[in-house]
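Trainee: Here you go, one structure.
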Amino acid sequence: MSKKLLIIFCMIVPSLSLMAQQRWGGNVDEETLHFGFSFHYVASDFKVFKNANWQANSEVNNDMLWLEEPGTMSSLDSIYSPYVGGEGVGLLADLRLGKNANLRFSPTILFANKAINYGFIDNLVAKTVKASLMELPLTFKFKSDRKNNYKVYVLAGGKYSLNVIPKKKLDDGGVIPVEKMVKLKPGFFSYEFGLGVDIYFEYFKMSPEIKWSQSFSNVLDKSEATIFTAPIDKLLLHSIQFSLLFE
């Protein structure tokens with residue numbers, strides 16, 4: 001019996017040693033180039049820069065009279081942008097630059113309208129800014145050494161966003177002034193920063209991640225002046241994005 005136990009012990013010990021050395025994740029970190037996919041939730045708002053005479057714009061106030069009781073007039077009191085949520089999906093291409101650095105390209109489509117609120121003394125006008133953005137981020141990923149089946153990392157880079165809403169849905173040529181849309185520029189650049197955690201499973205790794213981004217310059221389309229664009233000098237878009245990546 002003792003010999004059998006000794007044989008079993010000699011067989012188990014190497015197996016346990018092998019399991020302890022097992023590196024989950026399908027060795028994805030050792031590949032020069034690998035791919036993945038992602039799911040996203042984004043919350044966005046505009047930083048609103050108003051013109052110097054934004055409250056004295058009589059065109060805005062006069063055209064808003066349709067919202068008031070007959071014989072009354074309300075003055076424009078505030079312009080602000082609330083956070084609005086949206087969802088998206090994407091792909092990922094990851095190039096290994098070294099043990100602790102990667103370059104990532106992650107094209108993503110986000111279905112995420114924006115909003116601007118025009119506050120009057122006695123009323124509020126809420127305008128939806130239609131947006132379905134094809135985002136093309138290029139980011140550097142700097143990661144820690146692996147601890148068991150975890151790594152933490154930070155991100156830094158930039159992206160180009162393209163509004164892919166069909167032109168037909170943005171055509172407001174035949175509507176009255178108070179129904180005019182607020183529109184984004186067709187494309188714009190942003191910078192972004194983020195952090196996340198790589199979690200290794202047996203055949204893949206999953207990475208919860210959070211990123212913050214802001215446009216470099218004005219994203220408001222002012223090619224056509226409307227009562228809603230008249231009081232605004234420029235809009236900067238900033239977003240907080242929560243992602244779940246699989247590689």
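The values are calculated or read from the model by the stated rules, or taken from the named source; none is laboratory data. Since we're looking at a predicted model, the values are computed, not measured. Reconstructed Cβ throughout: ideal geometry from the backbone, glycine too, with neighbour counts over all protein chains shown.
Trainee: Residues being in a strand (DSSP E or B) and in contact with a helix residue (DSSP H, G or I) (Cβ under 8 Å, 6 or more places away or on another chain): count how many of those fall in region 74-115. Don't jump to the end; show me each part of the working.
Mentor: Taking region 74-115 and keeping what is in a strand (DSSP E or B), we get 76-80, 84-98, 101-105, 108-111, 114-115.
If we keep only those that are in contact with a helix residue (DSSP H, G or I) (Cβ under 8 Å, 6 or more places away or on another chain) as well, we get 76-77, 79, 96.
Residues in region 74-115 being in a strand (DSSP E or B) and in contact with a helix residue (DSSP H, G or I) (Cβ under 8 Å, 6 or more places away or on another chain): 4 in total.
Trainee: Which members of region 140-177 meet the condition of being hydrophobic (A, V, I, L, M, F, W, C), at pLDDT 85 or above and under 18 Å from VAL219 (Cα atoms)?
Mentor: If we filter region 140-177 for residues that are hydrophobic (A, V, I, L, M, F, W, C), which is where we start, we get 140, 142, 152, 154-156, 162, 164-165, 170, 175-176.
Pick out the ones that are also at pLDDT 85 or above and you get 140, 142, 152, 154-156, 162, 164-165.
Result: LEU162, VAL164, ILE165.
Trainee: Please work out which residue is surrounded by the most Cβ atoms within 10 Å (Cβ to Cβ), limiting yourself to region 144-158 and to residues that are within 21 Å of the chain's Cα centre (by Cα) and within 13 Å of GLU209 (Cα to Cα). Steps first, answer last, please.
Mentor: Step one: filter region 144-158 for residues within 21 Å of the chain's Cα centre (by Cα), giving 152-158.
Checking which are within 13 Å of GLU209 (Cα to Cα) leaves us with 152-156.
Working: VAL152: 13, TYR153: 18, VAL154: 14, LEU155: 21, ALA156: 13.
The residue in question is LEU155.
Trainee: Another one. Just checking, does region 220-229 include any residue being touching a residue at least 24 places away in the same chain (Cβ under 8 Å) and among the basic types (Lys, Arg)?
Mentor: Scanning region 220-229, I find no residue that is touching a residue at least 24 places away in the same chain (Cβ under 8 Å) and among the basic types (Lys, Arg), so the answer is no.
Trainee: Pick from region 107-139 the residues that are of a type in the set (Ser, Thr, Tyr) and modelled with pLDDT under 95: which of them is farthest from the chain's Cα centre (by Cα)? Full working, then the answer.
Mentor: Quick first cut of region 107-139, residues of a type in the set (Ser, Thr, Tyr) only: 108, 118, 128, 132, 139.
Those still in the list that are modelled with pLDDT under 95 too: 118, 128, 132.
Numbers: TYR118: 25, THR128: 18, SER132: 11 Å.
Among residues in region 107-139 that are of a type in the set (Ser, Thr, Tyr) and modelled with pLDDT under 95, the one farthest from the chain's Cα centre (by Cα) is TYR118.
Trainee: Which of the residues belonging to region 210-246 are over 23 Å from VAL182 (Cα atoms), out of contact with any Pro (no Cβ under 7 Å at 6 or more places or on another chain) and surrounded by fewer than 20 Cβ atoms within 10 Å (Cβ to Cβ)?
Mentor: ILE210, TRP212, PHE242, PHE246
Trainee: A further question follows. So which residues in region 188-247 are aromatic (Phe, Trp, Tyr), more than 21 Å from PRO107 (Cβ to Cβ) and part of a strand (DSSP E or B), if there are any at all?
Mentor: TYR200
Trainee: Related question: Of all the residues that make up region 116-155, how many are assigned to a strand (DSSP E or B) and either out of contact with any Ser or Thr (no Cβ under 6 Å at 6 or more places or on another chain) or of a type outside the set (A, V, I, L, M, F, W, C) (or both)? Outline the logic, then answer.
Mentor: The first filter runs over region 116-155 and keeps only residues assigned to a strand (DSSP E or B), leaving 116-120, 124-129, 132-143, 147, 150-155.
Those left that are additionally either out of contact with any Ser or Thr (no Cβ under 6 Å at 6 or more places or on another chain) or of a type outside the set (A, V, I, L, M, F, W, C) (or both): 117-119, 124-129, 132, 134-143, 147, 150-151, 153-154.
Going through region 116-155 one residue at a time, the tally reaches 25.
Trainee: Only one residue in LYS183, LYS169 is surrounded by 14 or more Cβ atoms within 10 Å (Cβ to Cβ) and of a type in the set (Lys, Arg), so which one is that? Let's see the steps before the verdict.
Mentor: Values: LYS169 fails: surrounded by 14 or more Cβ atoms within 10 Å (Cβ to Cβ).
Criteria check complete, one pass: LYS183.
Trainee: Ok, one more. Please tell me if TYR191 is without any contact (Cβ under 8 Å) to a residue 60 or more places away in the chain, over 22 Å from HIS238 (Cα atoms) and aromatic (Phe, Trp, Tyr). Lay out the reasoning, then the answer.
Mentor: On the way: without any contact (Cβ under 8 Å) to a residue 60 or more places away in the chain: yes; over 22 Å from HIS238 (Cα atoms): no; aromatic (Phe, Trp, Tyr): yes.
In short, no.
Trainee: Same structure, new question: Looking at (1) touching a residue at least 12 places away in the same chain (Cβ under 8 Å); (2) over 21 Å from VAL42 (Cβ atoms); (3) surrounded by fewer than 13 Cβ atoms within 10 Å (Cβ to Cβ), which is the one condition that is false for VAL175?
Mentor: Result: VAL175 fails condition (1) only.
Trainee: So which residues in region 196-238 are in contact with a helix residue (DSSP H, G or I) (Cβ under 8 Å, 6 or more places away or on another chain) and of a type in the set (S, T, N, Q)?
Mentor: Matches in region 196-238: THR226 only.
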